[in-house]
């Protein structure tokens, strides 16, 4: 993230940039919505194909602001530089500014030195309500999508745990991502299917999934529907070989050549593994083929 120098006399109208994010069809803060149009709508923006950059900062009074710019390349370069530990002075041209929105839709860990603590700006007539980051005390669509993002980031760790639990038939919980550990895959007979012949295949065939099967089964059915009628752009996306798919009440994280994890609104903090079988591989491969990827 960008750093800021101490400010002797803060300019009340200046924006001291703290960090930034992209809002594009392939890469957007999932906390804002299940897809790109929904994420744009949450900020009152039109879902232009080129996308936007979101710049988070404080003004000289310490007020939180989200500045939307149309210079996506500039913001992308800044984020890449910060990710590599390099300094980058992100200073968007005023002509690229699309909107200035009070508040932050995402939690921002840093603050600008030399200015008051972060707070919402004083509202003026006609101003929109300040953007707020999702509460960690609740569970809902935003928290479910954030949980799926964390599973995607820590795929190897989650996959290793599921491998151990499939073999042992146990499930453990973890607070590492604020979500419960994955449940063991459901028995095939619970899904109305014949059990596997080999005990080694404690994986459920095809569309088998952890209880409650109804929620996961609904998600898988809607995923198949995406192949027949493409969903809004951004619902199916892929980055670094990991699929991220969202729908009403559920999120999926998967590797096309491996298994999947599902999170549900109805099951707070639970991460549900869906193991491979006759049908899941073809579904994941088809979703991977249609997924939108960062350019």
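The values are calculated or read from the model by the stated rules, or taken from the named source; none is laboratory data. Remember, it's a predicted structure, so these values are computed and weren't measured experimentally. Don't worry about glycine lacking a Cβ; one is built from the backbone with ideal geometry, like all the others, and counts go over all protein chains shown.
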(request) Could you identify the single residue in 129, 112 that is over 24 Å from residue 233 (Cβ atoms), assigned by TED's automatic domain parsing to the domain that holds residue 31 and surrounded by fewer than 18 Cβ atoms within 10 Å (Cβ to Cβ)? (result) 129
(request) Taking residue 123 as the residue in question, decide whether it is free of Cβ contacts under 8 Å to residues at least 24 places away in the same chain and surrounded by 11 or more Cβ atoms within 10 Å (Cβ to Cβ). (result) yes
(request) Look at the range 16-32 and say how many of its residues are without any contact (Cβ under 8 Å) to a residue 60 or more places away in the chain and either crowded, with 23+ Cβ neighbours inside 10 Å or under 17 Å from residue 250 (Cα atoms) (or both). (result) 1
(request) Please indicate, with yes or no, whether at least one residue in the range 8-25 is farther than 17 Å from residue 132 by Cα, assigned to a loop (DSSP other than H, G, I, E, B), at pLDDT 95 or above and in contact with a helix residue (DSSP H, G or I) (Cβ under 8 Å, 6 or more places away or on another chain). (result) yes
(request) Answer yes if at least one residue in the range 92-110 is more than 22 Å from residue 78 (Cβ to Cβ) and in contact with a helix residue (DSSP H, G or I) (Cβ under 7 Å, 6 or more places away or on another chain), and no otherwise. (result) no
